[in-house]
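FYI, it's all coordinate maths here, none of it is from the lab. Everything quoted here is computed from the prediction, not taken from an experiment. All Cβ positions, glycine included, derive from the backbone under ideal geometry; neighbour counts span all protein chains shown.
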Amino acid sequence: MSFSAGRRVAPFLLLPLLAACGGGSGFRQNIAVSSEPVGAACRVTQGEAVLAQVAATPGVASVPKSSNPIAIACEAPNHLPARLDAASRQDGAMVAAYALTGGLVGIMAASASGDLYRYPDAVTVRLAPQRFADAAARDAFFDAREAEATAFGEAVLAARPACGAGDTGCENRRAADRAATEARLSELRTQRASAAVGP
């Protein structure tokens, strides 16, 4: 049976082609991971799952695309462990491509696979030294990290849909998001208190 040039191709046949445009292979994305200082060993996780590892920065982590945030945790000699949280965003170009070629069915399939979402192309994890020159340097470092954690938590909450009346599942998810942010801030405060100051 022959196909006319103007006939629409089945959306599921287009998914592998569109996925190849996503900056990785299949429904994956490459993220450039760097750190201060360089040479840190880093691990990319999502919940309890380890998605990728970088033996020594700078390096590249290949992760599956998803609407869920990821965490990049790094360790380096003479520095405190550090973590950076990264959220994904809908990729407008991918949404348009799926809408053009697959219509609503294509968009729904891509959303389920995670291919509509994209993490930052590059991240930098800043590790605190075990000893700071003075209290001002220590506080400046941790003030910046706490501001980053607070902004990330606010962004996650803003991306959540508004909860309807009596929607306890939605309220529980938002409460879990707030608890995760507070846990991260508590971790940073503990590190601030443990960091040494002076020669």
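Things to note:
- Here the gap between A55 and D121, fully extended at 0.36 nm per residue and compared with their Cα-Cα distance, gives a gain of 21.9 nm.
- Relative exposure of S88, S186, judged by other C-beta atoms within 10 Å (fewest first): S186, S88
- Label zone at N68 (point 7 Å along Cα-to-Cβ), backbone N below 13 Å, segment 24-61: 45-51
- Residue order, fewest to most beta carbons within 10 Å, for D177, D143: D143, D177
- The calculated FRET efficiency for A136 paired with L157, based on their beta-carbon distance and R0 = 25 Å, is about 0.20.
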